[in-house]
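The values are calculated or read from the model by the stated rules, or taken from the named source; none is laboratory data. These figures come from a predicted structure and were not determined experimentally. Every residue, glycine among them, receives a Cβ derived from its backbone with ideal geometry; neighbour counts consider all protein chains shown. Ligands, DNA and RNA are excluded from the accessible area calculation, which covers all protein heavy atoms including side chains. Shrake-Rupley method; radii C 1.70, N 1.55, O 1.52, S 1.80 Å.
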Amino acid sequence: MWGYGSGHYAMQTGFSLECDVLTVAPSEKVYVVARLHAGERGLPTRPGLNLSLVIDRSGSMAGAKIDYTRQAAQFLVQHLGPQDVFSVVLYNNLVETLLPPQSVHNKDEVIQRLEHISVSSTTNLSGGWLQGCQHVARNHAPNLINRVLLMTDGLANRGVTDPEQLVEMARYKRDEGVITTTMGLGNDFNEELMMAIAEAGGGAFYFIDSPEVTPDIFNEELRGLLNTVGQNLKVTIKSGQDIDHIEQLNAYPTEVVDDTTSYILGDIYANEVKTLVLELDVPDIEALGEKQIATLHFSYDEIGPNYSRHQEQDLAIRINVTNADDMPVSKRNNITQAVLLLKAAHTRLKAVDAADKGNHNEASDMLYAMAKDISDADMDSAILHEERNALIDQAKKMADGKSTFDAYQRKSMATQAYYTRTDRHNATVMLRTRDVLRMIQQEQDSKIPKPPISSDQPPTHIVWREQLFPLLGNLIRIGRAMHNDIVVEAGGISRFHCQLRRDGDTLILEDVGSTNGTYLRGKALQSPVIVNTGDEIFISQEKLTLIHQPL
């Protein structure tokens, strides 16, 4: 069942119910998905950014970490314009403003300054972050995107180090209109703290699992900032005696006042669908017929280049109450899929907590049980199939104990849960894809002899999941849609993901704007690349192997 509300500038609010018919007898759980759909940007220009980049330059950032961070920061500068205000703060045991807040006119000068960042000493995270907040606050305006990007690879060991105090400071800054996004690099930072600061600060959290991923993460955050069409999205549900309890399955900041509960969803990007999944405990209802059980209230600030406009919308949540004999047959739908994905995310968090206490077998059992729940749902969904397989793989690693559940695996599992619960399941799939690629690279780097995988003969076929596809014609399209020459129906695959283009006897691989990228030889494709027999192409977590098979 769907409900809709009108919106301005292609903003449309709505909700859907997994089931809108209940029986009169038992209490039941009702799942509601609240949605705001933002369409295309209505104007050719965008709002300006008021952005401060806060970079950890402690000694542990030496080498590839700082090299890729410089590259990512320079990439960011290239995409800013004169309507943007930008500053850069560096911190180790001391705090230095490398670039005071200024309009981005001379990009070459800014890029040259970033080139000379050096590293040493300890980590005064709070000092660097607060200076970045001060720079943003100085130029704060409601029609600007006011954001601090805080990046670290270690623990806060100078200045303010108490996690609760840091989180409360982030909440206070958010209330002042300064949003904080956090980025943790490597295996040594405190992911719980970085997630908590991002949640309280109204921004996003990113796990940069290896230095070379840094530019991609910066690009993802910048792409969102440059496409922001709304801010301060809040969804409030007002309930009465018809609901005993409300539980969100996401991980958004919550405010409770009397019989109203509000969830803060933050920024809205063009062409984005923001969703919030709620579980409502509905008590026994005796009266038959239609009944309103709650009201959803959407509020947000619509922003443009030179304006900020507040919008609000109310929607009534209604259900039909019937006798058990008249109850229609329930059907699985996309809401069931969303609920299962979010429950899987909750299970990961519980498993991580159990493993932290040394209860690895208990954690493994939780993950296996959740995988079974997905199987029992019996839904024909590539996304759920991928999720089930990931849970089983993580359960196996948990069962092996500390030997496989290390600092990296903890961060990866906790981040997957965070991404999915903040409406970024594609990022979860992408992180798992990089995990697979990392394992492959580790195998290749080991000294175990392997049979040769290359050939002087050109590729004639692709192998995927033991299926053989001939490479015919001058253009071979690969993706999830049925219109492709090679259809790969699996989680994380875009409708049109990548393609092979023939140039004489040469095959050239190129990504065609996929969501989760195309990988060859362990690296994401940035431009077309010649492929050879024996090459393994990864799209999401799916491996495609190029082979030569004589005709």
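Quick notes on this one:
- Flag for residue 402 being in a helix (DSSP H, G or I) and at pLDDT below 90: yes
- Test: residue in segment 470-478 that is crowded, with 17+ Cβ neighbours inside 10 Å, among the β-branched types (Val, Ile, Thr) and touching a residue at least 40 places away in the same chain (Cβ under 8 Å): yes
- Among the residues of segment 322-377, the ones that are touching a strand residue (DSSP E or B) at 6+ places or on another chain (Cβ under 7 Å) and modelled with pLDDT of 95 or more come to 1 in all.
- Among the conditions (1) modelled with pLDDT under 75; (2) closer than 30 Å to residue 136 by Cβ; (3) among the aliphatic types (A, V, I, L, M); (4) not in a loop (DSSP other than H, G, I, E, B), the only one that residue 22 does not satisfy is (2).
Residue by residue, here is whether (1) in contact (Cβ under 8 Å) with a residue 40 or more places away in the chain; (2) charged (D, E, K, R); (3) out of contact with any Pro (no Cβ under 8 Å at 6 or more places or on another chain); (4) open to solvent by 40 Å² or more (accessible area, probe 1.4 Å) holds:
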residue: 266; (1), (2), (3), (4): yes, no, yes, no
residue: 275; (1), (2), (3), (4): yes, no, yes, no
residue: 279; (1), (2), (3), (4): yes, yes, yes, no
residue: 294; (1), (2), (3), (4): yes, no, yes, no
residue: 297; (1), (2), (3), (4): yes, no, yes, yes
residue: 302; (1), (2), (3), (4): yes, yes, yes, no
residue: 305; (1), (2), (3), (4): yes, no, no, no
residue: 308; (1), (2), (3), (4): yes, no, no, yes
residue: 315; (1), (2), (3), (4): yes, no, yes, no
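- Count - residues of segment 114-137 that are in contact with a strand residue (DSSP E or B) (Cβ under 6 Å, 6 or more places away or on another chain) and either closer than 27 Å to residue 229 by Cα or modelled with pLDDT of 90 or more (or both): 8
- Pairing residues of segment 100-125 that are more than 19 Å from residue 150 (Cα to Cα) with residues that are in a loop (DSSP other than H, G, I, E, B) and open to solvent by 20 Å² or more (accessible area, probe 1.4 Å), at Cβ distances under 8 Å and at least 6 apart in sequence or on separate chains, gives 103/82; 103/83; 104/82; 105/82.
- Residues in segment 372-389 that are crowded, with 16+ Cβ neighbours inside 10 Å, free of Cβ contacts under 8 Å to residues at least 60 places away in the same chain and out of contact with any helix residue (DSSP H, G or I) (no Cβ under 6 Å at 6 or more places or on another chain): 379, 389.
- Of the residues making up segment 192-212, just one is more than 21 Å from residue 140 (Cα to Cα), in a helix (DSSP H, G or I) and open to solvent by less than 10 Å² (accessible area, probe 1.4 Å), namely 194.
- Residues being within 19 Å of the chain's Cα centre (by Cα), more than 30 Å from residue 201 (Cβ to Cβ) and crowded, with 20+ Cβ neighbours inside 10 Å - total across segment 392-436: 0
- Only strands (runs of 3 or more DSSP E) whose full extent lies in segment 453-551 are considered here, and the ones with at least 1 residues that are among the β-branched types (Val, Ile, Thr) are 461-464, 475-479, 506-511, 518-520, 529-531, 536-539, 542-547.
- Here residue 159 meets each of (1) out of contact with any Phe, Trp or Tyr (no Cβ under 9 Å at 6 or more places or on another chain); (2) in a loop (DSSP other than H, G, I, E, B); (3) over 20 Å from residue 83 (Cβ atoms); (4) among the small types (Gly, Ala, Ser) with one exception, condition (1).
- Checked against the criteria, residue 151 counts as in contact (Cβ under 8 Å) with a residue 60 or more places away in the chain and under 23 Å from residue 219 (Cβ atoms).
- If you filter segment 341-371 down to residues that are open to solvent by 70 Å² or more (accessible area, probe 1.4 Å) and under 15 Å from residue 192 (Cα atoms), you find that the one that is nearest to the chain's Cα centre (by Cα) is 350.
- Residue 171 being farther than 20 Å from residue 215 by Cβ and surrounded by 15 or more Cβ atoms within 10 Å (Cβ to Cβ): yes
- Looking only at segment 110-162, and only at residues there that are of a type in the set (Asp, Glu) and surrounded by fewer than 18 Cβ atoms within 10 Å (Cβ to Cβ), the one that is farthest from residue 57 (Cα to Cα): 162
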